[in-house]
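The structure appears below as structure tokens.
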Amino acid sequence: MRPGRVEDLPAMVRLSEREVLAGRRDSAPQGRFMQRILSGFDWEACSRVEDGASGMRGIVLVMRRQAEDTTVARVEAAVTPEDDELLQTLIGWGVALSRAAGAQVAQVWRAKGTAEWLSDAGLKPVRPWWRMDRGLDDPLPPVVPVVGYHLLDPASVPPGAWVDTFNGSFADHWRHTNRTADELRLGRWPDLDLMLADGAGRPAAITLCEIEEYAVDLRPQPVGLVGSVGTLPAHRRRGLARWLVTESLARLKAAGAVTASLYVDGENEHRAADLYSELGFVVTFDTTVWEATFP
């Protein structure tokens, strides 16, 4: 194996696309998305590539983040379909590096039922993570505003308010990591960045949406991604999330999306998936989050 390099990203995307077609991954990362999240990534230390006669056979990246007082390393690997032996080797390397580098937790995200061998490597399944989809050609649920709240003009909201509302809304969620304005990708789709405020103009809830077109995917394209649906604790259970999601669906359809998708923790204590089901979403891909913890 050799260390990876940024020039390997296109080949990594192609491997991921093959995993999508094989039902082993829910979607392939966009090249520009990978370039963004890997800005400043230490390729020499934190990646390995296995080459074959016809090109890349597999790649593994180890990315670290801080969740409260815990350092979490995510081990992300892609291989040619059915090459489970190489997948195990790459993930094993990533988990060992995570521990050696001082992470308290190493995570591996794989399609449900495709990586039970991870238990032999000391990892445990800790969370289901679902992708839920719905078509936008069908009648959409009505948008029902909540009395006492209003949508803000995105252009009038300073970046700091978006960041504070996002981080405050998700602070009590599992493995939350605070985000910066750059990480939230603010302004890419200005009409799809939505924030609700109370009567005094104070932020209450947020969702950040975007539209993507995937070259290799099983969903009708383009896909409208409903992301980061969050409500500050003082404003929960008032219907704000329903308002934001229904408003987002209408805007995504108007902007040309054919399918809407979102991701949700299958054990979310606020039962977010129940709301999404009521709004026409169904679980279409089930990912298992595996973790190894180190003393």
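The values are calculated or read from the model by the stated rules, or taken from the named source; none is laboratory data. Here the structure is a predicted model, which is why all the values come from computation and not from measurement. Every residue, glycine as well, gets a Cβ built from its backbone with ideal geometry; the counts of neighbours run over all protein chains shown. Surface areas here come from the heavy atoms of the whole protein model, side chains and all, with no ligands, DNA or RNA. Shrake-Rupley method; radii C 1.70, N 1.55, O 1.52, S 1.80 Å.
The Cα atoms of region 142-295 give a gyration tensor whose axes a ≥ b ≥ c have a/c under 1.5, which makes the shape rounded.
In degrees between 0 and 90, to the nearest 10, how far off the longest principal axis of the chain does helix 159-170 point, with axes built from Cα atoms? Orientation of helix 159-170: about 80 degrees from the principal axis.
Other residues lying with their Cβ under 11 Å from the Cβ of A215 contribute a combined charge of -3, Lys and Arg counting +1, Asp and Glu -1. Taking Lys and Arg as +1 and Asp and Glu as -1, the other residues whose beta-carbon sits under 11 Å from that of M63 total +1. Cα centroid separation, region 134-162 to region 109-123: 38 Å.
Projecting the Cα atoms of G23, P125, T231 onto the dipole axis of the chain, where Lys and Arg carry +1 and Asp and Glu carry -1 at the beta carbon, places T231 farthest toward the positive end.
Rolling a 1.4 angstrom probe over the protein heavy atoms with all chains in place gives the chain an accessible area of 47 Å² per residue. Over the chain, DSSP H runs of length four or greater, each weighted -39,500 (n - 2.57), average out per residue to a 222 nm ellipticity of -8000 deg cm²/dmol.
Average 1/r across all pairs of distinct alpha carbons in region 67-120, invert it, and you get the Kirkwood radius: 11.9 Å. As a fraction of the 1.4 Å probe accessible area of the chain, surface on carbon and sulfur atoms comes out at 52 percent. Over all Cα atoms in the chain, the spread is summed up by Rg and Dmax: 19.7, 64 Å. Remark: relative contact order (region 72-165) = 24 percent; criterion is Cα-Cα distance under 8 angstrom and separation of 6 or more residues.
Suppose a student asked you for the relative contact order of the chain, using Cα pairs under 8 Å spaced at least 6 residues apart; what percent would you report? Reported as a whole number, the value is 22 percent. Contact order, relative form, for region 169-273: 24 percent (alpha carbon pairs under 8 Å, 6 or more residues apart, mean separation divided by residue count).
Between D182 and V216, the FRET efficiency from the beta-carbon distance, with R0 = 35 Å, is close to 0.80.
Of the GluC sites (Glu not before Pro) in region 245-275, the ones in a loop by DSSP (not H, G, I, E or B) with at most 10 other beta carbons within 10 Å are E269. Shape class for region 148-200, computed from the alpha carbon gyration tensor (a ≥ b ≥ c): oblate, with a/c not under 1.5 and a/b at or below b/c. Geometric descriptor of region 1-138, per residue, is 145 Å³ (volume of the convex hull of the Cα atoms). Could you tell me how many degrees, from 0 to 90 and to the nearest 10, lie between the Cα long axis of helix 84-100 and the main elongation axis, the longest principal axis, of the Cα atoms of the chain? So the inclination is approximately 80 degrees. The charge dipole of the chain, taken about the Cα centre with unit charges on the Cβ atoms of Lys, Arg (+1) and Asp, Glu (-1), comes to about 360 debye, rounded to the nearest 20.
In terms of the Cα gyration tensor, with a ≥ b ≥ c the square roots of its eigenvalues, is region 72-189 rounded because a/c is under 1.5, prolate because a/b exceeds b/c, or oblate? Taking the square roots of the gyration eigenvalues as a ≥ b ≥ c, region 72-189 is prolate.
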